[in-house]
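Following: one structure in structure tokens, then a few remarks.
The values are calculated or read from the model by the stated rules, or taken from the named source; none is laboratory data. If you're wondering where the values come from, they're calculated on a predicted model, not measured in any experiment. Neighbour counts run over all protein chains shown; Cβ positions are idealised from the backbone, glycine included. Heavy atoms of the whole protein, side chains included, go into the accessibility calculation; ligands, DNA and RNA do not. Shrake-Rupley method; radii C 1.70, N 1.55, O 1.52, S 1.80 Å.
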Amino acid sequence: EIHIKEPIEKEVNPRLLPGELLLCEASTVYKYMQEDGSNRGTYGKLVCTNFKISFLDDDSASDDNEPQFKNKIVGENDITLQCVDQIYGVYDEKKKLLTGQLRKYPEKLIICCKDLRVFNFCLRYTKEEEVKRIVSGIVHHSQTPKLLKRLFLFSYASAAPNNTDGGNQTVMFETLEDWRDELERTKGNVKYKAVTTNEGYRVSEKLPLYFVVPICISEESILKYDGRGIPIWCWSCHNGAALLKMSAFPKDQDDSTSQMQKAFLDGIYKTISKPPYELLKMDDLSSSLPSLQDIQIAYTRFKQLFLIDNSTDFWATDVKWFSLLESTNWLDIIRRVLKKAIEVAECLEIQHTNVLLIEESATDLCCVISSLVQVMMDSYSRTKSGFQSLIQKEWVVGGHCFLDRCNHLHKTEKEEAPVFLLLLNCVWQLVQQYPPAFEFTETYLTVLSDSLYVPIFSTFFFNSQHQRDTNKSGESLKTQSGPFRFLTVWDWSVQFDPKAQAFLNNPLYAEKPKPDRSQRKTARFKHQRQLSLPLTQAKPSTKRGFFREETDHLIKNILGKRIGKFINSSDEPPNSLREFYDSWHSKPVDYHGLLLPRIDGPEIKVWAQRYLRWIPEAQLHGGGTIATAAKILDLMEEVQSLQVKMDEERSQAISGDTHSVPMLRNSARLSSLFPFALLQRQSVKPALPTSTWKDLEDEDDLVKRDDEFVDLSGDML
């Protein structure tokens, strides 16, 4: 049975951005809802522009029922061309991947997106000529290789009005002054200097215009090997120890060249490492962390668990969810990266040792580890502007190849790897473990991950600062000449109005007290909460009985072996690291001091908001983090309105802005999919069970019971 919403009577035209052109369209396209096989949906028009694929129905014409968290650039039924992951055609109920030229056109079109949305379109009722145009147009514009200047980024920059960023406090690290200010902020200016050697990119096109090196490094050394083998400063700890990174020399060199490079490196190391006053630890990330290829393979498997477009598929995978999740290896990679960041933090904080991260280009895993260490050790990086400045410093200006790693141009899949997404997943682990320590929310991180695929911002669409600068000059439609004025993603007003932006800010953020007092406190009580090591017994409470303690410890050991994938014996941290953990764990958390993530088995979680937000079956009705957020925002609104009343009584002034936080009065009607999707139908398990369900039903009727959550860190009841 097909539940049909009547085709649109009136003409609905897409809302086009400046520089956006309509390329092809098809009428009478039927869009399925992600339902349980009932084929419910709506008729509309499917269009493809040089920016996006968009489905327009009669609801698109009205502003009624607009979501509370509306993106002004990308609508609910919009898919940017860079967000398209894979396109499938359905021929006689068989799915086939669509690429290149098509000989036969499908009756159904399935578009899987990089933000994990899945769109199903039925083309049976569409005219044959329109089907050919729209399918070939979508496949061509979203899947075939393209030139950089063909990105919508340039069309938008040349046609859009030159609006400057409003109130953006993010440090862009594009001037020498920005680097000097950062050195002064971290007290690193005693041993390190900002250099102008790369002005005009005469050292290397991969390096930024300005960067920081140890004071003793000469300009000749920087120029000798195009910047390779030079320790580049990332950040200085409060005790003077510094985090550095270095691009390694190629390994396949002849003997004489290798000897010269080795002698050069020995000279460089001696200038930094001066025992016993200045110690240096070198860490080759290419040997101690997974390769980019491993990361790409793991994420490709992982995302398949969430690209679900019907109820049947969901319940089929739900039965073997944990084994499927573990087999992807994605959570284990997150654990290994966090563990490496903890090791680096211990070297800097306890051993007062400079750490030099080494990688072939120093623009991938070096960026991940250096960013994570700063988020863990520097409370400024946990504010919104501080985190954005960190991304600018380590990733955008630091030379991470966003264009290649995100495969925006579809040139080659060999270079593709979700390195930046890996960082956001690791930061999310910290955000969900220590919410008051962060000024931003998980919604902020989710929106930031979505912005990777919105080509109106230059932030994530170049491989280096050099590539951005050389492509900045161009013909503008407005002025006929002059450079492009690219937008930065950090101006959130471009995507969201103030009411929606409130969801990006954490209302429970623990504001930092006065600077002079906080500095003294953080110096004395720097590490205050420790990662609980696997199978390590914590100090027993004096109020608990002997039997309870012994039973709990036994249960933790048994369950730990069955459920948690703990740190392997081969990864067992050395004693100094263990002591570091224990001392930090024994004290209360200082939200403005060092933060260490908990990385034992159950503590590494799936980023539910990002990966499950489009799956109705996975929602919690009236639950999830939004249940808490709704109550907090209601309370904030009440406090604000009381403050306004008090101000009115005092000064007889006009009331202030009482709508700076969203109103979520009917929080019971929301679900954990909020704010990205509204409450959807109640999900039910299939009425006719598969053979797997039948097998399980014979075993203690497991299907009818809700899954039990086992928290190994708390008391067992």
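Hey, could you check the stretch 169-199 for residues that are among the β-branched types (Val, Ile, Thr), open to solvent by less than 50 Å² (accessible area, probe 1.4 Å) and in contact with a helix residue (DSSP H, G or I) (Cβ under 8 Å, 6 or more places away or on another chain) and say which is nearest to residue 216 (Cα to Cα)? Looking at the filtered set, the residue picked out is 195.
For the stretch 392-408, the tally of residues that are over 25 Å from residue 606 (Cβ atoms) and either among the charged types (D, E, K, R) or at pLDDT below 95 (or both) stands at 3.
What about residue 341, is it part of a helix (DSSP H, G or I), open to solvent by less than 10 Å² (accessible area, probe 1.4 Å) and touching a Cys at 6+ places or on another chain (Cβ under 8 Å)? In short, yes. Residues of the stretch 318-338 that are β-branched (Val, Ile, Thr) and either assigned to a helix (DSSP H, G or I) or within 21 Å of residue 422 (Cβ to Cβ) (or both): 328, 333, 334, 337. Within this structure, residue 252 fails the test of being more than 30 Å from residue 217 (Cβ to Cβ) and at pLDDT below 90. Cβ-Cβ contacts under 8 Å between residues 6 or more apart (or on different chains), taken from a first residue in the stretch 395-420 that is without any contact (Cβ under 8 Å) to a residue 40 or more places away in the chain and closer than 11 Å to residue 364 by Cβ to a second residue that is open to solvent by 10 Å² or more (accessible area, probe 1.4 Å) and part of a helix (DSSP H, G or I), are listed as 415/404; 415/405. Residues in the stretch 449-468 that are open to solvent by 10 Å² or more (accessible area, probe 1.4 Å), in contact (Cβ under 8 Å) with a residue 40 or more places away in the chain and part of a helix (DSSP H, G or I): 450, 453, 465, 466, 467. If we only count helices (runs of 4 or more DSSP H) wholly inside the stretch 214-317, which ones have 3 or more residues that are on the phi < 0 side of the Ramachandran plot and open to solvent by less than 30 Å² (accessible area, probe 1.4 Å)? The qualifying helices (runs of 4 or more DSSP H) are 255-272, 292-304. Take the conditions over 20 Å from residue 381 (Cβ atoms) and not basic (Lys, Arg) and apply them to residue 186. Does it pass? So residue 186 fails the test.
Only residues that are touching a residue at least 12 places away in the same chain (Cβ under 8 Å), exposed (fewer than 13 other Cβ atoms within 10 Å of the Cβ) and of a type in the set (D, E, K, R) were counted in the stretch 93-148, giving 5. Within the stretch 575-618, being assigned to a loop (DSSP other than H, G, I, E, B) and more than 21 Å from the chain's Cα centre (by Cα) holds for 586, 587, 588, 589, 590, 591, 592, 593, 600. Inspection of the stretch 73-81 finds a residue satisfying the criterion of being at pLDDT 95 or above and in contact with a helix residue (DSSP H, G or I) (Cβ under 6 Å, 6 or more places away or on another chain). Looking at the structure I just gave you, is residue 379 open to solvent by 10 Å² or more (accessible area, probe 1.4 Å) and in contact with a His (Cβ under 9 Å, 6 or more places away or on another chain)? Against the criterion (open to solvent by 10 Å² or more (accessible area, probe 1.4 Å) and in contact with a His (Cβ under 9 Å, 6 or more places away or on another chain)), residue 379 qualifies. Per the listing 138, 134, the residue uniquely outside the structural domain of residue 457 (by the TED database) and within 30 Å of the chain's Cα centre (by Cα) is 138.
Restricting the first member to the stretch 365-391 and to residues that are within 15 Å of residue 183 (Cα to Cα) and assigned by the TED database to the domain that holds residue 333, and the second to residues that are of a type in the set (Ser, Thr, Tyr) and not in a helix (DSSP H, G or I), the beta-carbon pairs closer than 6 Å and six or more apart or on different chains are 389/170. Any residue at all in the stretch 278-285 that's within 20 Å of residue 605 (Cα to Cα) and touching an Asp or Glu at 6+ places or on another chain (Cβ under 9 Å)? There is no residue in the stretch 278-285 that is within 20 Å of residue 605 (Cα to Cα) and touching an Asp or Glu at 6+ places or on another chain (Cβ under 9 Å). Count of the stretch 503-525 residues, restricted to those that are surrounded by fewer than 19 Cβ atoms within 10 Å (Cβ to Cβ) and either under 20 Å from residue 625 (Cβ atoms) or at pLDDT below 50 (or both), is 14.
Scanning the stretch 629-636 turns up no residue that is modelled with pLDDT of 90 or more and open to solvent by 20 Å² or more (accessible area, probe 1.4 Å).
In the stretch 567-595, how many are modelled with pLDDT under 75 and β-branched (Val, Ile, Thr)? Number satisfying all stated conditions: 1.
Yes/no per residue for (1) surrounded by fewer than 24 Cβ atoms within 10 Å (Cβ to Cβ); (2) within 30 Å of residue 84 (Cβ to Cβ):
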{"residue": "369", "(1), (2)": "no, no"}
{"residue": "383", "(1), (2)": "yes, no"}
{"residue": "407", "(1), (2)": "yes, yes"}
{"residue": "413", "(1), (2)": "yes, yes"}
{"residue": "430", "(1), (2)": "yes, no"}
{"residue": "436", "(1), (2)": "yes, no"}
{"residue": "441", "(1), (2)": "yes, yes"}
{"residue": "447", "(1), (2)": "no, yes"}
